[in-house]
Amino acid sequence: VQLQASGGGLVQTGGSLRLSCKAIGRTFSSYAMGWFRQAPGKEREFVAVRSSWGRTTLYADSVKGRFTISRDNAVNTVFLQMNNLKPEDTAVYYCAGNRANRGSYVASEYDYWGQGTQVTVSS
């Protein structure tokens, strides 16, 4: 499976962005799909995950109530709607796929990764 993330950009504090991650492969619908992010000088951190048919959805505490993960299995795409963005949300955002369909927040449990898309929130 190949993952192609897009939708990043520069936005002011309080603004919104919608990230997309298109999967190329026939088994997308069976994978849990997650989003992670990595800020300069920091480790990659979990943002959100949604299992294949939405039974499990998890968010990092720092984004709860502001970010929403969704997926459209018909078009092999997972989305991350980000509202009320803050400067501390600035990072490269990565989508990832978990073949075991585990709603995990552990990066090492993911098998496929996209190339990342930059999100910059100005104060």
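The values are calculated or read from the model by the stated rules, or taken from the named source; none is laboratory data. None of these values were measured; they are calculated from a predicted model. Using ideal geometry, Cβ is built from the backbone for each residue, glycine included, and neighbour counts are taken over all protein chains shown. To get the accessible areas, we keep the full protein, side chains included, count just its heavy atoms, and leave off ligands, DNA and RNA. Shrake-Rupley method; radii C 1.70, N 1.55, O 1.52, S 1.80 Å.
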> Do you know which residues across segment 17-56 are assigned to a strand (DSSP E or B), more than 19 Å from T90 (Cβ to Cβ) and open to solvent by 50 Å² or more (accessible area, probe 1.4 Å)?
Replying inline: K22, I24, R50
> Given (1) on the phi > 0 side of the Ramachandran plot; (2) without any contact (Cβ under 8 Å) to a residue 24 or more places away in the chain; (3) in contact with a strand residue (DSSP E or B) (Cβ under 9 Å, 6 or more places away or on another chain), where does R66 come up short, assuming only one miss?
Replying inline: (1)
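Might you let me know whether segment 86-96 holds any residue that is over 18 Å from Q4 (Cα atoms) and under 14 Å from the mean Cα position of the chain (by Cα)?
Looking for residues that are over 18 Å from Q4 (Cα atoms) and under 14 Å from the mean Cα position of the chain (by Cα), one finds at least one in segment 86-96, hence yes.
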> Looking at this structure, is G34 at pLDDT 95 or above, among the small types (G, A, S) and closer than 15 Å to V119 by Cβ?
Replying inline: no
>> Being over 15 Å from the mean Cα position of the chain (by Cα) and closer than 21 Å to N76 by Cβ is the filter here; which residues of segment 3-25 pass it?
In response: I24, G25
> Among (1) without any contact (Cβ under 8 Å) to a residue 24 or more places away in the chain; (2) surrounded by fewer than 14 Cβ atoms within 10 Å (Cβ to Cβ), where does Y59 come up short?
Replying inline: (2)
> How many residues are surrounded by fewer than 17 Cβ atoms within 10 Å (Cβ to Cβ), of a type in the set (D, E, K, R) and not in a helix (DSSP H, G or I) when one looks only at segment 62-106?
Replying inline: 6
